[in-house]
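Below you'll find the structure, written out as structure tokens, and then a few comments.
The values are calculated or read from the model by the stated rules, or taken from the named source; none is laboratory data. Computed from a predicted model, the values in this text were never measured in an experiment. Cβ placement follows ideal geometry from the backbone for every residue including glycine, while neighbour counts extend to all protein chains displayed. Quick note on the areas: whole protein, heavy atoms, side chains included, nothing else; ligands and nucleic acids left out. Shrake-Rupley method; radii C 1.70, N 1.55, O 1.52, S 1.80 Å.
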Amino acid sequence: MGELNKKSAKILVFSTEKISDPAIDMAGLLKLHYPPTVYTISVPCSSGIKPSWILYAYEKGFDGVFIAADGSDCVFGESCTEKTGHLVGKTHNLMKENGIEPARLRMAAICSVCSESFVKQMRTFNEYLLKTRDV
Amino acid sequence: MENPIKNISYDALVIGAGIAGGEVALNLANTGFKVLLVDKELSVGGKMIMLSKVFPTLDCAACITTPKVSEISRHPNITIFTGSEVSNIKKISDNEFTAKVTKHPRYVRVEDCTACQLCEHACPVNVRDQYQFGLIGRKAAFIPFSICSPKAAAIDIDNCTLCGACEKACPTNCIDFTQETEIMDLHIKTVVVATGFDMFDAKKMPRYGYGQHKNVITALQMERELAPTRPFNTILRPGDGKVPDKIAYVLCVGSRDASVGNPICSQICCMYSIKQAQLLMGALPMADVTIYYINIRSFGKGFEEFYQQAKGMGVNFVKGKIGRISEIEGGNLMLRYEDINEGKLQEAEHDMVILSTGVLPNTGIDKFFENQTLTLDPFNFVGQSDALASPAKTSIEGVFVAGTATGPMDIPDSILSAGAASSEAISYLIQRS
Amino acid sequence: MTDIKKDIQNKANSNSPLGVGGSVEIGKTAKYLREKLGGIPQQAKDNLKEYNGIKKQMLEALKEQDLTVKQMAEKINMPTDQVVYYLMSLVKYGFVKTGEVDDMDEYYTYKLNK
Amino acid sequence: MEKKPKKIGVYICHCGGNISDYVDVEKVRQSVEGEDIVFIAKTTMFACSDANQRDMVEDIKANGLDGVIVASCSPKLHQLTFRNVSIRADLNKYTYVHANIREQASWAHSDNKIGATEKAIHLVQAAVAKARYAEALETNKIKAKKAVAVIGAGVAGMKAAISLAEKDTEVILIEKEPFVGGRVAQWDSLSTTTESGKDMVKRLYNELTKHDNITILTNCEVIENKGSVGNITLKVSKTPRFIKASACHPDDLKRAIEVCPVVVPDDFNFRLSNRKAIYKNYPSEYPQIPVIDIKNCTRCGECEKVCKAIDFSEKEEIVEMTVGSVLMATGFDSYTPEYGEFGYATSENVITLPQFKRLIDTQFDKLVYNGKEIKNIAYIYCVGSRQTDGENTYCSRNCCTSTIHAAVTAKNKFADINNYHFNRGLRTYGKQEILYADSLRGGDIYLQSYEDGLPTVTTEGKKTIVKINDILTNGREIEVEADLVVLVTGMVPRSDNSMIGSLFKIPKGRDKFFNEVHMKLRPVETVIDGITIAGACQGPKNITESVNSALSAATKSYSILSKGELETDPLVAIIDAEKCTWCGSCEAACPFDAILKVENGKKVIAEINNSVCKGCGMCAPVCEPDAVNLIACSSAEIMSMIDALV
């Protein structure tokens, strides 16, 4: 329980109901641990996330936002990858305009069985945020 | 008998309300057929509802069974009779069977019972609880177990002293000793046999000392010790209440053993033992767990990985045949075994031994049938007339079989077998309507 | 079905003086069945008597001090496996509760649940 | 108008310890108890139990609750269960909100009870925030076409097709190969039965053709998939056979095969023999018309000279069809050993199990391979399965039994065969144990090793030696001079799984086979509604197990369509007519053509076609004036959840 004293960064994850949610659930099933300050909000598809939500999360105090994108597995079609990439680009610009470090937004494709990769992403993102921010 | 005999009719009769029977009932009901689901126990859910967690995902059994059970129990197309038995099944025409259903009195009006347990508190009797495999007591007025369905009290009339305390305590007046056996005449179009399996009686192998040595228990007893509704506050050995720290599993007890009349492999014991070993390592982090095996049969989806995971957690696997288990001082147990790696006889001391008993057929199913013969296989499981191409068909047209009634199988296979029986029964009903 | 159960049911079914839904007062049906059966099985009586005796002995013993299974066995002169069964039943019914485990993490003590 | 404040019930599940061992559920309960809309907050041992469901219904009715929240396991398992509870209490099911505090709190953070509890509190508070917005919604009803496309005509696909046809459902059975029967057609001898694999296929084919509502398409591949459950449009490309069935005279066709000068390795016989460019795999094969393998055909015209049925003018056809559900039964591949793995491809005496089975089936009197009579056979088990340094960590389930059956068959068919089984622990589970016992009695020799001491195969001149440190004889080194080494190769996912899999967007498991939603609750369903999986495409299975899963999948596909009508989620996009200025970006973003340009009074705005909208939300972020929101996923809801989570 040595971990208890260690602070962890607040990360908001946007995940998708059909694809990345199952991977995040399976990480729990397999008891693959990641910081408990990682919170998930499910949306149908990662290309439906509004940049304003992400900016709102920083404004309210989240250290980082992670988009667990559908990638090519998206049930709504392959245009998802490109569209999600586009909205991340748009958000990065908005972040710069508002003086928010763009590295605080990350995205990776998390497929329905990518539990280990999700946990790895969370751990490294947490470490990065702890190092660069006064959490 | 003075009871008025009721006539009832349904599209399908499903005998046995374990997970296989329940799945069949749901599939039929969801496609519009009326089903009567009968079980001799006081609750639906069969053996699975009694388990702790299930391999290889370690989902809790209750999380899987209770929603199904609840869906079954409130489905408008399903009628459930618990504490009931089927007999005299007769084929009277191409698509019609008759049967008798005997409904034993529960002495509780289920619809009025709120499962408040006040009768249980009031009852003065204490007898061994069959749902905890005798590890602990229960009352004569009792709720079978916490997640049973219907969730209602029952009276164990064998042990009841008819003192009336339960009646006085009951706030809804649901206890009724005037209840009598009801016998019903049944008309159905198709029958699905889902009568499940029996466990090998470990007392039939005296050299392992079950029943004699108090710290030798069966895996089903350990299953209860590990379940959320466990009988003790923690894992204890029943001989003296000690927390065990050197636990042994003996595999193939009553399976792959022609000398006890069961030459076949039970298919599930390796995996349930590995699962229990993992759960024990979680519950008692300091304990040593050793599994004595002949072959580990982790053949299903995710099973081999689960076996390797147990090894990684530190479960000790010893390839060896156990010759004899003797009790030594302090209730500990000495296992004599043939160590196959070393090629010699060895001895090892453990403070608790779990016998991974095998799967046997539930006998007597063929006796339900009157003018047609339900053929059994050489091991007395229900015979499959076309095992490869139509595994759910039996020797009687219109009678189908689901789950472990046909032989040992794990939960996913039982569900698939139930899906197959459902498919055959639905086709049969549609073709003959 | 056990023989006793069969016996009881046969009796109940064969000489029902009042018939189903007859004039037996709700809440007093046990008396009705006892009369109809002409008593209760000896085994049930014996079992209840034995349990009451053991329960009394155990609760008395725990009044003096908290005990482990082994200590209880010595005190009331009963095999340890029987003690586990009865003591655990008393824990379940709320008469007794589990206390501390010993230094070796082996045996729990049990005490009265006041 | 002032709205009456909502009354919500919150139920926090112990999950029999799965949650409460790590999360202080009472603390979670207290954290939401005081919220203005929370009228009841309770903990429960098993939220999903019938008793608790009944309690919830009573609570809702007795207190006039407007909605309930359950904090328990993943919504994948029980969201539906609790939506149904709401329905039974006369609430609209969309007033229900779920919080996942097991997979995403107690289990994920079982190493940190304080952190897990803290997270669970935030998650439940976020659910309360969402519940403020949750509204009663009406489902859209769509017509479901009572037709199923079954992909793959092996035994699983054939059985599924028959069983659906028996249920008055139209079936289109699509097979990629020119013939039906899949892998089972390749075997003469099957274990536990006297019926041959070919006879079993013949029996099933005859049954298929009895049903008028089954269309069999061979040499066909699905190339496009559109729509969703109830109304799925498939495009199938049909490769011509180049033989006119109507003009076909059996003797002429036989002649045509004889005269064909092309000789290519015969995959049906695992390249143990050759075939022509016009061919049939075996005489009674179905359908009973040969096919021209156009890739290898030289167009020499010899066949045309002897047979009028040959028609090279046949063109590839594209067939379009609409079905309500798709049942995948695409089967498996046999593992192909690496170059040099136990002497594969480097020693001429090493073959795979499927090759060996074909060899036994095709030889009589004597077992001959490479011109040499075979007496001593060494079987090396688990080749490509239970790998410790490869990707295939799983056990392939069926190969132990299949090998012993082949070994016993060889011994019975040919004289003086000696079988040596180099295994890693026999897995003849269930009744298959009898076969193992029989082979032991028949004198087969079993030698065993662990993962870290696998047998070796070496070639010395013409001799092939298999060596093992046999744990059954105290680790003694034993060597066998084998005339033939049979590598017991297991089942692996089909190499073309990724193509058909991504066409239907079926997720794959860690073993790369298609993945079911839940092994025990929904074993033949995929995360894609209306797409079911059957047979060995889901994982290794024997014939009985494949058929069981095929019939289960048929039951599932049928029960989806049996009512002829399906309900779809009303969770679609909505347009704020005030804000919308019609720029067309949402229309461009929509992959389903669900957005229309309409005139609304003086203004041109976007409108959503509810029956086509799938609720993906792709239109929402692209809208500059922020006029698009998704129902149940609106900016207001997401932001209020963010407030609760921080």
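With solvent modelled as a 1.4 Å probe, how much accessible area in total do chains D and B shield from it at their shared surface, in Å² to the nearest 100?
On the way: alone 31490 and 19050 Å², together 44560 Å².
Summing both sides, the interface buries roughly 6000 Å².
Near A:L55, within a Cβ-to-Cβ distance under 12 Å, what is the net charge of the other residues, with Lys and Arg +1 and Asp and Glu -1? Walk me through the intermediate numbers first.
Values: positive: A:K50, A:K60, A:K90, A:K96, A:R104; negative: A:E59, A:E97.
Net charge in that neighbourhood comes out at +3.
Which entries of B:K103/C:K92; D:K27/D:K130; A:K50/D:K143 have Cα-Cα distances beyond 26 Å here?
Values: B:K103/C:K92 31 Å; D:K27/D:K130 20 Å; A:K50/D:K143 33 Å.
Beyond 26 Å: B:K103/C:K92; A:K50/D:K143.
In nm, to one decimal, how far is the D:C583 label point from the A:T132 one, both placed 7 Å along Cα→Cβ?
Calculated label separation equals 2.9 nm.
What percent of all Cα-Cα pairs in the range D:379-468 falls in each 5 Å bin, counting up from 0?
3, 13, 22, 22, 20, 13, 6, 1, 0
Using a simple spin-label model with points 7 Å from Cα along the Cα→Cβ vector, what separation in nm is obtained for B:N371 and D:T362?
Rounded to a tenth, the inter-label distance reads 5.5 nm.
Mind checking how much accessible area D and A bury in total, 1.4 Å probe, in Å² rounded to 100? Mind showing how you got there, number by number?
Details: alone 31490 and 7740 Å², together 34990 Å².
About 4200 Å² of accessible surface is lost on pairing.
Could you state the accessible area per residue of the protein assembly as shown in Å², with a 1.4 Å probe and every protein chain left in place? Each step should come with its number before you reach the end.
Numbers: 52500 Å² over 1328 residues.
I get 40 Å² per residue for this part.
According to a simple spin-label model (label point 7 Å from Cα along Cα-to-Cβ), what is the distance in nm between A:S52 and D:R88?
4.1 nm
Go through the range C:26-37 residue by residue and turn each phi into a ³J(HN,Hα) via Karplus (6.51, -1.76, 1.60, θ = phi - 60°); whole Hz please, and just put x for glycine and proline.
4, x, 10, 7, 4, 4, 4, 5, 5, 5, 4, 7
What FRET efficiency would be calculated for the residue pair A:T124, A:L94, taking the C-beta separation as r and a Förster radius of 22 Å, to the nearest 0.05?
Details: r = 24 Å, r/R0 = 1.10.
Given R0 = 22 Å and the Cβ-Cβ separation, E is 0.35.
Efficiency by 1/(1 + (r/R0)^6): what FRET value for D:A62 and C:Q82, r their Cβ-Cβ distance, R0 = 41 Å, to the nearest 0.05?
Values: r = 47 Å, r/R0 = 1.14.
Taking R0 as 41 Å, the efficiency between D:A62 and C:Q82 is 0.30.
Taking chain B as the reference, fit the longest principal axis to its C-alpha atoms, fit the long axis of helix B:61-73 to the helix C-alpha atoms, and give the angle between the two in degrees, 0 to 90, nearest 10.
10 degrees
For the range D:8-139, what does the relative contact order come out to in percent, with C-alpha contacts under 8 Å and a separation of six or more? List each step's numbers first, then the result.
Working: 249 pairs, mean separation 40.1, N = 132.
In percent, rounded to a whole number, it is 30.
Quick one: with all protein chains in place, what share of the accessible area of the range D:333-492 is carbon or sulfur, to the nearest percent (1.4 Å probe)? Spell out each step's value before the answer.
Details: 3050 of 6490 Å².
It is 47 percent, rounded to a whole number.
Which whole-Hz ³J(HN,Hα) couplings does the range D:440-451 yield from phi under the Karplus relation 6.51 cos²θ - 1.76 cosθ + 1.60, θ = phi - 60°, glycine and proline marked x?
With coefficients 6.51, -1.76 and 1.60, one gets 4, 5, x, x, 5, 9, 10, 10, 10, 9, 9, 4 Hz.
Using only Cα atoms, tell me the angle between helix D:50-63 and the longest principal axis of chain D; keep it within 0 to 90° and round to the nearest 10.
Taking the Cα atoms of chain D, the angle to D:50-63 is about 20 degrees.
I'd like the carbon and sulfur percentage of the solvent accessible area for the range B:201-359, probe radius 1.4 Å, heavy atoms only, ligands and nucleic acids excluded.
Here it works out to 47 percent.
Apply 1/(1 + (r/R0)^6) to the Cβ-Cβ distance of C:K63 and C:Q42, taking R0 = 22 Å, and write down the FRET efficiency to the nearest 0.05.
That pair, C:K63 with C:Q42, gives E of 0.10.
Quote the relative contact order of chain D in percent (integer), defining contacts as alpha-carbon pairs under 8 Å separated by 6+ residues.
Working: 1316 pairs, mean separation 83.7, N = 646.
Relative contact order here is 13 percent.
By how many nm would the segment from D:I142 to D:T393 grow when fully extended, if each residue of separation counts as 0.36 nm and the alpha-carbon distance is taken off?
Details: separation 251, 0.36 × 251 = 90.36 nm, distance 4.35 nm.
Contour length minus Cα-Cα distance gives 86.0 nm.
Tally up the carbon and sulfur contribution to the accessible surface of the range D:8-139 as a whole percent, 1.4 Å probe, everything protein left in place. Please report the intermediate quantities before stating the final value.
Values: 2120 of 4510 Å².
Here carbon and sulfur together make up 47 percent of the probe-accessible area.
Before we go on, tell me the buried accessible area for the C/B pair, both chains summed, 1.4 Å probe, in Å² to the nearest 100. Mind dumping the intermediate values first?
On the way: alone 8650 and 19050 Å², together 23590 Å².
Answer for the C-B pair: about 4100 Å² buried.
With the contact rule set at Cα under 8 Å and sequence spacing of 6 or more, what percent relative contact order holds for chain B? Can you show the working numbers first?
Details: 966 pairs, mean separation 78.6, N = 433.
Relative CO of chain B lands at 18 percent.
Using only DSSP helix segments of four residues or longer, with each worth -39500 (n - 2.57), what per-residue ellipticity at 222 nm results for chain B after dividing by its residue count and rounding to 500? All intermediate terms of the calculation are to be shown ahead of the outcome.
Working: 8 runs with 90 residues, N = 433.
It comes out at -6500 deg cm²/dmol, rounded to the nearest 500.
Averaged over peptide C:87-99, how many Cβ atoms belonging to another chain are found within 10 Å of each residue's Cβ? It would help to have the intermediate numbers written out before the result.
Details: counts 3, 10, 10, 2, 4, 10, 7, 1, 0, 0, 1, 5, 0.
The per-residue average across the peptide is 4.
Cut-off under 28 Å on the C-alpha distance; same-chain residues fewer than 8 positions from D:K413 excluded. Which lysines are left, in chain and number order?
D:K198, D:K202, D:K280, D:K357, D:K366, D:K372, D:K375, D:K431, D:K462, D:K463, D:K467, D:K541
When Lys and Arg each count +1 and Asp and Glu each count -1, what net charge do the other residues less than 14 Å away from B:I19, Cβ to Cβ, add up to? Intermediate results must be reported in sequence, preceding the final value.
Details: positive: B:K47, B:K68, D:K520, D:R522; negative: B:E23, B:D39, B:E41, B:D59, B:E71, B:D410, B:D413.
Cβ neighbours under 14 Å give a net charge of -3.
Any idea what % of Cα-Cα pairs in chain D are farther than 42 Å? Please report the intermediate quantities before stating the final value.
Details: 89032 of 208335 pairs.
It works out to 43 percent of all Cα pairs.
Per DSSP H run of at least 4 residues, take -39500 (n - 2.57); add these up for chain D, divide by its residues and hand me the 222 nm value, nearest 500 deg cm²/dmol. Mind showing how you got there, number by number?
Details: 15 runs with 176 residues, N = 646.
Rounded to the nearest 500, it is -8500 deg cm²/dmol.
At a 10 angstrom cut-off on C-beta neighbours, averaged per residue, how do the peptides D:64-70, A:54-60 rank from highest to lowest? Could you put the intermediate results ahead of the total?
Details: D:64-70: 22.0, A:54-60: 19.3.
Result, highest mean Cβ count within 10 Å first: D:64-70, A:54-60.
Taking only DSSP H segments of four or more residues, each worth -39500 (n - 2.57), what value at 222 nm results for chain A once the sum is divided by all its residues, to the nearest 500 deg cm²/dmol? Walk me through the intermediate numbers first.
Values: 4 runs with 57 residues, N = 135.
Mean residue ellipticity at 222 nm (helix-derived): -13500 deg cm²/dmol.
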